[in-house]
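Below is one structure; the comments refer to it alone.
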Amino acid sequence: AGASAIGDGAALCSSSHPSLTGNQRNILSTAADLNETSLEQMMIDIAGLTDERGLKIAVRGMKLIIPKELQFIAERVLNSNLRAGTADNDLNAMKSMGMLPDGAVVNHFLTDTDAFFIKTDAPNGFKMFQRTPLKTAMEGDFDTGNMRFKARERYSFGVSDWRSVFGTPGA
């Protein structure tokens with residue numbers, strides 16, 4: 001779950017992001033599979049995030065990011081009217097409270113089949129820079145009569161604030 005180091009020297013999802021008040025985390029303290037309990041704990045942990053000085057900040061979960069293997073579990077947990085997998089007639093709190101307003105999205109490039117992430121609304125989180133805008137060109141090939149077409153653009157991707165995501169590698 002994000003093993004490459006970011007600007008603070010820790011992995012993107014880590015329990016050891018350095019701050020003035022000690023290490024902070026954006027990963028579940030105990031790895032868990034996707035279920036109602038793990039999602040609720042992630043939302044509680046996100047609501048408790050602090051800045052570098054240990055002051056509480058207003059960050060909330062926005063979108064669940066899952067591999068294709070978890071899409072059916074996510075649908076049941078997020079969109080059932082009642083609690084999924086129980087005989088209780090309790091309300092589905094995640095749905096009724098609108099806890100993840102952007103819902104769930106399947107990322108087909110995630111390789112860990114039980115890892116999942118919540119993207120938050122932390123400002124200055126994930127970054128995408130368009131280094132070279134799209135340039136296109138075309139020309140006719142005299143020998144074949146075919147048209148040749150080319151396009152080129154360049155991007156850079158990164159992250160400025162680890163609070164923009166909260167994750168778990170799964171159990």
Discussion item. Over the chain, with a Gaussian network built from C-alpha contacts below 10 Å, which listed residue (Asp102, Asp121, Asp88) shows the highest mean-square fluctuation?
Written reply: Asp88
Worksheet entry | Sequence-separation-based contact order of region 14-146, relative, with Cα cut under 8 Å and 6+ spacing, percent | 24 percent
Worksheet entry | Cα pair distances exceeding 14 angstrom across region 74-119, given as percent | 55 percent
Discussion item. Report the gain in length on full extension from Thr136 to Arg154: 0.36 nm times residue separation, minus Cα-Cα distance, nm rounded to one decimal.
Written reply: 5.2 nm
Discussion item. Could you tell me the ratio Rg/Rh of the chain? Both radii from Cα atoms, Rh via Kirkwood.
Written reply: 1.13
Worksheet item: Taking region 1-140, how many lysine pairs are there with alpha carbons less than 24 Å apart, if each pair must be eight or more places apart or span two chains?
Response: 10
Discussion item. Could you sort the peptides 123-129, 22-28 by per-residue average Cβ neighbour count (10 Å cutoff), highest mean leading?
Written reply: 22-28, 123-129
Discussion item. Could you work out [θ]222 nm for the chain from helices alone, using -39500 (n - 2.57) per DSSP H run of at least four and dividing by all its residues? Round to the nearest 500 deg cm²/dmol.
Written reply: -4000 deg cm²/dmol
Worksheet item: What residues of region 41-74 lie in the reach of a label at Thr113, counting those whose backbone N is under 12 Å from a point 7 Å from the Cα along Cα→Cβ?
Response: 68-70
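Any read-out appearing in this document is the output of simple, stated calculations on the displayed coordinates, not a laboratory observation. Computed from a prediction, not measured in an experiment: that's the story for all the values here. Note that we place each Cβ from the backbone using ideal geometry, even for glycine, and neighbour counts take in every protein chain shown.
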